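The values are calculated or read from the model by the stated rules, or taken from the named source; none is laboratory data. Just so it is clear, the structure is predicted and the values come from calculations on it, not from any experiment. Cβ coordinates were reconstructed from backbone atoms using ideal geometry, including for glycine residues, and neighbour counts include every protein chain displayed. Surface areas here come from the heavy atoms of the whole protein model, side chains and all, with no ligands, DNA or RNA. Shrake-Rupley method; radii C 1.70, N 1.55, O 1.52, S 1.80 Å.
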Amino acid sequence: PVPGQQIGQGIDGGRLRSSPENKIAFNANYTWQMPLGALTLSGTWTYRDETYYSVFSRGYNLAPSYDETDLRLLWNAPDGRFTLIGFMRNVFDDEGYEAVGATQSAWGVRTLTISPTAPRVYGVEAQFRFGT
């Protein structure tokens, strides 16, 4: 191709962008009821198959498959007015990609854009409920 020349491309039979062939999620919760409230442990594992982030199935638009594990520990006060939550997302600090893309100028210069998933994140959240 000559720089600046428009080239037709077919997309027949392609998948929708950002639509992996397989995405699987498992979640498990267990709650202990105690006089001082309820304590719930929750774990989630998610797998996302490789996927193209463009209608064009080109290698530079393909994000590899990845999995992620998240954990939450919740304590609910007996009266239900207060909840304390500890959480950790991406427990094993796995790498994944939320989006991958490329642009190409009329002069043939290609720019790749990669949006990685968040690294391991952890924190604490407090919830208060007011009213009757």
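List of remarks:
- When the residues of the range 94-112 are filtered to those that are outside any strand (DSSP E or B) and among the acidic types (Asp, Glu), the one that is surrounded by the fewest Cβ atoms within 10 Å (Cβ to Cβ) is GLU95.
- Restricting attention to the range 65-93, the residues that are assigned to a loop (DSSP other than H, G, I, E, B), open to solvent by less than 50 Å² (accessible area, probe 1.4 Å), at pLDDT 95 or above and not hydrophobic (A, V, I, L, M, F, W, C) total 1.
- Considering the conditions (1) assigned to a loop (DSSP other than H, G, I, E, B); (2) farther than 30 Å from ARG129 by Cα, SER115 is excluded by exactly one of them, (1).
- Unmet criterion (only one of (1) within 28 Å of ILE7 (Cα to Cα); (2) touching a Leu at 6+ places or on another chain (Cβ under 7 Å); (3) open to solvent by 40 Å² or more (accessible area, probe 1.4 Å)) for LEU62: (2)
- Residues in the range 38-59 that are assigned to a strand (DSSP E or B) and out of contact with any Leu (no Cβ under 9 Å at 6 or more places or on another chain): TRP45, THR46, TYR47, ARG48.
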